[in-house]
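Participant: Sharing a structure here in structure tokens format.
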Number of protein chains: 2
Amino acid sequence: MRLSQINLRLQRESPKYETSINASLLIKGGFIEKLTAGVYNYSPLGLKVIRKIENIIREEMNNVGGRELLLAALHPRQNWEITGRWKNFNALFKTKSRYDQWYGLGPTHEEIIVPFAKKIIQSYKDLPLYLYQIQTKFRDEARPKSGLLRTKEFLMKDLYSFHESENDLDDYYEKVKDAYSKIFSRLELPFVIAEASGGTFSPYSHEFQVKIRTGEDTLYLCSSCSFCQNEEIISDKKKCLNCRRNLEKIKGSEVGNIFKLKTKYSEPFNLKFIDSKGKEKIVFMGCYGIGVSRLMGVIVEVYHDDDGIIWPKEAAPFNYHLLALKSGKSNEDKIIQSQAEKIYQEFNKKGVSIVFDDRKEFTNGEKLIDSDFLGMPQRIIISQRTLEKDSLEIKERKTKKIKIIKIKSFLQQ
Amino acid sequence: MRLSQINLRLQRESPKYETSINASLLIKGGFIEKLTAGVYNYSPLGLKVIRKIENIIREEMNNVGGRELLLAALHPRQNWEITGRWKNFNALFKTKSRYDQWYGLGPTHEEIIVPFAKKIIQSYKDLPLYLYQIQTKFRDEARPKSGLLRTKEFLMKDLYSFHESENDLDDYYEKVKDAYSKIFSRLELPFVIAEASGGTFSPYSHEFQVKIRTGEDTLYLCSSCSFCQNEEIISDKKKCLNCRRNLEKIKGSEVGNIFKLKTKYSEPFNLKFIDSKGKEKIVFMGCYGIGVSRLMGVIVEVYHDDDGIIWPKEAAPFNYHLLALKSGKSNEDKIIQSQAEKIYQEFNKKGVSIVFDDRKEFTNGEKLIDSDFLGMPQRIIISQRTLEKDSLEIKERKTKKIKIIKIKSFLQQ
């Protein structure tokens with residue numbers, strides 16, 4: 001794609017109204033725009049990042065048998081009355097139609113997926129069942145001030161699993177734990193798996209926490225083994241429950257959580273099945289969330305430097321950022337431009353993900369600054385200097401390593 | 001995909017609570033589920049249809065230079081106050097946060113895209129600009145009773161165009177009209193382009209109306225030329241304004257509309273640009289909508305028979321529906337099953353879109369009925385009878401034409 005066609009307007013200044021690193025960099029780079037406190041718009045460039053993250057999640061969810069569906073965002077009040085959360089879920093946005101019906105705006109979907117699953121599940125032959133969606137959620141959060149880390153409207157992947165027995169739930173829970181580890185590893189995030197409060201029905205849940213200084217959660221991580229607990233459940237003793245070593249206090253941002261719901265929601269909705277002996281039994285459930293738009297923010301919190309964003313390869317909107325530097329002599333510039341155009345065309349033909357800075361009104365210096373700021377993993381420069389050696393320059397954004405490669409051999413890759 | 005993995009439960013009876021043909025068939029087939037009046041959930045199978053329709057629209061929008069983005073659904077009250085629609089847009093759902101801010105739930109996005117575009121557009125060099133999204137919209141409709149044709153929550157594609165001049169808007173408007181014609185042609189829908197009310201700023205807008213008996217709109221269509229007008233603007237005379245022939249009264253369901261907004265929204269938000277002579281000018285706008293989930297309903301209204309749904313090829317969740325009919329003799333059934341499995345595997349390898357009815361508990365008769373009902377374009381049967389001739393049977397769902405083809409030559413296709 002040509003940079004001019006993405007229609008973003010890079011800003012030279014960081015937005016003064018934005019205190020978080022992630023939103024500040026993402027707004028400056030034209031990835032997102034702040035509509036109001038806790039509500040953001042995604043530009044074409046920002047949506048590319050979101051789609052990349054979504055597709056990683058989708059692949060790994062499909063790998064553990066997940067089936068993607070799409071549930072409604074307008075939830076009838078009655079469904080939430082059944083679980084008692086119409087009153088107890090503080091962050092639930094509510095809206096009344098002019099015909100006097102009340103709806104909640106889906107902040108999570110247990111109240112919707114359980115009655116849905118009830119129409120599918122009748123016997124043990126229908127189990128296990130794994131359903132997920134990637135969807136906009138709404139939560140009336142207090143004082144959103146961490147950019148994409150805490151918003152009133154956000155993209156979330158929510159998976160729900162339905163099982164014959166607690167054993168089967170336990171097995172699948174471990175599978176999803178592995179799938180989540182794969183997802184966050186593909187995004188190159190430094191994460192820990194922390195024990196957290198399990199609510200009424202389970203002793204613990206697990207949170208996938210990315211270690212960042214600006215994280216909203218406080219965690220205690222063992223300096224020796226990988227044991228980690230959220231502050232909310234930690235004992236006073238400050239010693240690892242696993243190996244008795246000292247615990248280190250760190251900050252984290254939760255990007256995923258997995259939860260054994262057991263029968264917490266199947267009971268109020270009476271979600272039962274007939275087992276192989278003809279006996280009616282209650283269904284066991286798990287739920288598993290990932291904050292898709294929050295991940296975009298967390299990635300930026302982890303991966304940036306003074307020059308801008310450094311996208312991990314699998315989240316980058318484009319792998320290559322192509323620049324044709326002007327020499328100032330019009331005959332040379334013509335050749336530089338046509339060589340860059342040729343490389344751009346060849347890469348497009350091969351399906352390589354590349355963005356070409358074709359903006360005419362910008363200087364070499366501005367283009368170099370912008371390419372660092374936008375943070376694609378590899379920058380390619382074509383200039384008079386490189387062309388004299390029939391070469392191009394490739395710089396890795398992360399390591400700043402530069403290589404000079406013959407154009408011919410580069411195109412044959 | 002294996003039919004058992006889609007986890008749909010086909011119902012033998014039509015849902016009694018559903019009066020519309022489209023929702024009745026789609027619920028019976030397990031494509032959608034009704035959550036409450038005017039609100040539906042999409043099952044994995046139904047979501048496949050939605051994604052097929054979305055991708056057709058996406059392709060054609062990209063072909064006319066559209067750039068996809070994603071705007072927020074929570075709209076600050078202030079944006080809607082500026083255009084006067086906070087009070088005047090009757091179907092606007094409103095919600096108040098517990099921190100006393102009011103939001104509208106996006107029923108359309110002029111109030112959001114114009115301030116967004118204002119941050120991009122400064123000079124004539126930034127124009128034209130074409131931005132679109134595919135997103136869940138909310139409208140507090142009265143008495144939703146037409147299934148997916150009129151709902152309180154729906155998927156919509158909305159494109160907004162920004163221009164230097166009215167002439168440029170006029171040119172692009174025609175391009176989008178052509179793109180829309182391509183989209184509805186690819187979906188094999190019998191549509192007419194009807195003139196409709198243009199609101200304050202334009203004499204007419206254009207609606208893409210699909211001719212269906214159950215349509216909510218009344219149209220007058222010339223029996224000779226293609227002239228068509230919505231009842232709301234028709235003169236009393238009942239003669240074609242174009243060729244003076246008689247007008248025929250028909251029913252239609254609106255699947256798309258295109259609208260020259262001109263300066264209706266750029267003025268209240270003061271969306272201006274500097275032209276090539278350095279003069280400040282107002283931006284001209286167009287907006288162009290397509291009801292994505294409504295299209296799914298309209299397709300079913302048009303394409304069904306007594307046996308069930310008949311998906312047009314480009315909207316079908318799968319192109320082929322594969323059945324292995326039991327002979328009743330276990331040694332024969334083993335061979336039938338393994339041949340079907342082989343064809344299924346080969347097709348998957350080739351990336352052909354196929355669903356294999358692997359449900360063990362169903363009879364041949366039930367499987368045949370279900371395959372007609374689910375409505376994939378081509379049904380493939382492997383049975384003792386076809387295997388005796390090293391063949392398989394292909395039936396086209398639409399024409400009911402049957403062909404017997406050698407398995408070997410079929411797999412070499």
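A short reminder: the numbers here are calculations on the coordinates, not readings from a lab. The structure presented is a predicted model; accordingly, all values stated were derived computationally and were not measured. Using ideal geometry, Cβ is built from the backbone for each residue, glycine included, and neighbour counts are taken over all protein chains shown.
Participant: What list of ³J(HN,Hα) couplings, whole Hz, do you get for the range A:238-247 from phi and the Karplus terms 6.51, -1.76, 1.60, once you set θ to phi - 60° and write x for glycine and proline?
Facilitator: For the range A:238-247, the Karplus-derived couplings read 6, 10, 5, 6, 8, 10, 6, 6, 6, 9 Hz, x marking Gly and Pro.
Participant: I'd like the orientation of helix A:292-302 relative to chain A: the angle between its Cα long axis and the longest Cα principal axis, in ° from 0 to 90, rounded to 10.
Facilitator: 50
Participant: Amide H neighbours of A:ASN319 under 5 Å, at least 5 residues apart or on other chains, H built in the peptide plane: list them.
Facilitator: Here the answer is A:SER353, A:ILE354, since their amide H atoms fall under 5 Å of that of A:ASN319.
Participant: Let me ask you something else. Quick one: angle between helix B:44-63 and the longest Cα principal axis of chain B, in degrees between 0 and 90, rounded to 10, please.
Facilitator: Compared with the principal axis, the helix lies near 50 degrees.
Participant: Roughly how many Å is it from the Cα centre of the range A:102-166 to that of the range B:97-154, as a whole number?
Facilitator: 24
Participant: Moving to a separate point now. With axes computed from alpha carbons, what is the tilt in degrees of helix B:364-374 against the longest principal axis of chain B, rounded to the nearest 10 within 0 to 90?
Facilitator: Helix B:364-374 and the main axis of chain B meet at about 10 degrees.
Participant: With r defined as the distance between the Cβ atoms of A:GLU59 and B:GLN5 and R0 fixed at 25 Å, what FRET efficiency is calculated, to the nearest 0.05?
Facilitator: Numbers: r = 16 Å, r/R0 = 0.66.
Computed FRET efficiency for A:GLU59 and B:GLN5: 0.95.
Participant: Taking K and R as +1 and D and E as -1, what net charge do the other residues with C-beta under 14 Å from the C-beta of A:THR214 add up to?
Facilitator: Numbers: positive: A:LYS145, A:ARG150, A:LYS211, A:ARG213, A:LYS251, A:ARG294; negative: A:GLU18, A:GLU216, A:ASP217, A:GLU254, A:GLU301.
So the environment of A:THR214 carries a net charge of +1.
Participant: Would you order B:TYR220, B:TYR180 from fewest to most other beta-carbon atoms within 10 Å of each residue's own beta-carbon?
Facilitator: On the way: B:TYR220 23, B:TYR180 26.
So the residues, fewest neighbours to most, are B:TYR220, B:TYR180.
Participant: Report, for chain B, the % of DSSP beta bridges that are antiparallel, rounded to 5.
Facilitator: Numbers: 72 of 85 bridges.
In chain B, DSSP labels about 85 percent of beta bridges as antiparallel.
Participant: Order by neighbour count: A:LYS96, A:LYS279, B:LYS16, fewest other Cβ atoms within 10 Å first, most last. Please report the intermediate quantities before stating the final value.
Facilitator: On the way: A:LYS96 14, A:LYS279 10, B:LYS16 7.
Exposure proxy ranking, most exposed first: B:LYS16, A:LYS279, A:LYS96.
Participant: With θ taken as phi - 60° and the coefficients 6.51, -1.76 and 1.60, list the Karplus ³J(HN,Hα) couplings across the range A:401-407 in order, rounded to whole Hz; mark glycine and proline as x.
Facilitator: Per residue, the Karplus-derived 3J(HN,Hα) values read 6, 10, 10, 9, 10, 4, 4 Hz.
Participant: What translational diffusion coefficient, in µm²/s and rounded to a whole number, does the Stokes-Einstein relation yield for chain A at 4 °C and a viscosity of 1.567 mPa s, taking the hydrodynamic radius as the Kirkwood radius over Cα pairs? Write out the running numbers ahead of the final one.
Facilitator: Values: Rh = 23.8 Å.
The estimated diffusion coefficient comes to 54 µm²/s.
Participant: On to the next question. Express as a percent, rounded to the nearest 5, the fraction of DSSP beta bridges in the protein assembly as shown (both residues included) that run antiparallel.
Facilitator: Working: 147 of 173 bridges.
Taking every DSSP beta bridge with both residues in the protein assembly as shown, the antiparallel ones total about 85 percent.
Participant: If you don't mind, there's one more thing I want to ask. Just checking the output field for A:74-86: average partner chain Cβ neighbours within 10 Å of each residue's Cβ? Walk me through the numbers on the way to the answer.
Facilitator: Numbers: counts 12, 3, 4, 1, 1, 2, 0, 0, 0, 0, 0, 0, 0.
That works out to 2 on average.
Participant: Which percent, nearest 5, of DSSP beta bridges in the range B:320-411 are antiparallel?
Facilitator: Working: 9 of 17 bridges.
Among the beta bridges of the range B:320-411, antiparallel pairing accounts for roughly 55 percent.
Participant: Among the listed pairs A:LYS96/A:LYS152; A:LYS34/A:LYS137; A:LYS313/A:LYS395; B:LYS118/B:LYS277; A:LYS157/B:LYS360, which have their C-alpha atoms separated by more than 24 angstrom in this model? Intermediate results must be reported in sequence, preceding the final value.
Facilitator: Details: A:LYS96/A:LYS152 19 Å; A:LYS34/A:LYS137 17 Å; A:LYS313/A:LYS395 14 Å; B:LYS118/B:LYS277 20 Å; A:LYS157/B:LYS360 32 Å.
Correct reply: A:LYS157/B:LYS360.
Participant: Given label points at 7 Å from Cα along Cα→Cβ, what nm distances, shortest first, separate A:ILE394 from the same residue in every other copy?
Facilitator: Nearest first, the other copies' label points are 4.4 nm away.
Participant: A further question follows. Quick one: with label points 7 Å out along Cα→Cβ, list the inter-copy distances for A:ASN242 in nm, shortest first?
Facilitator: Sorted ascending, the copy-to-copy spacings read 7.3 nm.
Participant: In cubic angstrom, how much convex hull volume per residue do the alpha carbon atoms of the range A:118-202 span? Write out the running numbers ahead of the final one.
Facilitator: Values: hull volume 13.9 nm³, N = 85.
Spelled out: Cα convex hull of the range A:118-202, divided by residues, is 163 Å³.
Participant: With only alpha-carbon atoms counted, please give the Rg and Dmax of the range A:318-411, in Å.
Facilitator: Computed over the Cα atoms of the range A:318-411, radius of gyration and Dmax are 12.3, 34 Å.
Participant: For B:SER327, enumerate residues with amide H under 5 Å from its amide H, sequence gap 5+ or separate chain, H modeled in the peptide plane.
Facilitator: For B:SER327, whose amide H was placed from the backbone, the distant partners under 5 Å are B:ASP333.
Participant: How much net charge surrounds B:SER97 when only other residues with a Cβ under 13 Å from its Cβ are counted (Lys, Arg +1; Asp, Glu -1)?
Facilitator: Values: positive: A:LYS94, A:ARG139, A:ARG143, A:LYS152, B:ARG77, B:LYS94, B:LYS96, B:ARG98; negative: A:ASP140, A:GLU141, A:GLU153, B:ASP100.
Within the 13 Å Cβ shell, the charges total +4.
Participant: From the phi of every residue in the range A:221-232, what ³J(HN,Hα) in whole Hz does the Karplus formula 6.51 cos²θ - 1.76 cosθ + 1.60 yield, where θ is phi - 60° and glycine or proline is x?
Facilitator: So the J values, rounded to whole Hz, are 10, 5, 6, 10, 8, 8, 4, 8, 9, 6, 2, 4.
Participant: Hey, what did chain A get for relative contact order, percent, Cα under 8 Å, at least 6 apart?
Facilitator: Result for chain A is 16 percent.
Participant: Relative to the compact globular guide of 2.2 N^0.38 Å, what is the alpha carbon radius of gyration of the protein assembly as shown, as a ratio? Each step should come with its number before you reach the end.
Facilitator: Details: Rg = 28.5 Å, N = 826, 2.2 N^0.38 = 28.2 Å.
The reported ratio for this selection is 1.01.
Participant: For the range B:320-411, what is the relative contact order in percent, using Cα pairs closer than 8 Å and at least 6 residues apart in sequence? Walk me through the numbers before you get to the answer.
Facilitator: Working: 130 pairs, mean separation 29.6, N = 92.
Relative contact order here is 32 percent.
Participant: Still on this structure: With the label 7 angstrom out along Cα to Cβ, how close does A:ASP100 come to the same site in each of the other copies, in nm, nearest first?
Facilitator: So the label point of A:ASP100 gives 3.0 nm to the other copies.
Participant: Hey, fewest Cβ within 10 Å first, where do B:ARG359, B:ARG244 land in order? Could the numbers behind the result be given before it?
Facilitator: Values: B:ARG359 14, B:ARG244 11.
Ranked by crowding around the Cβ, least crowded first: B:ARG244, B:ARG359.
Participant: Given H placed on each backbone N at 1.01 Å, which residues far from A:SER205 in sequence or on other chains put an amide H within less than 5 Å of it?
Facilitator: When sequence neighbours closer than 5 places are left aside, the close amide H contacts are A:ALA196, A:SER197, A:GLY198.
Participant: Would you mind giving the mean number of other chain beta-carbons within 10 Å of the Cβ of each residue in A:32-41, as a whole number? It would help to have the intermediate numbers written out before the result.
Facilitator: Working: counts 2, 8, 1, 9, 9, 4, 5, 8, 3, 11.
Across A:32-41, the average partner-chain Cβ count within 10 Å equals 6.
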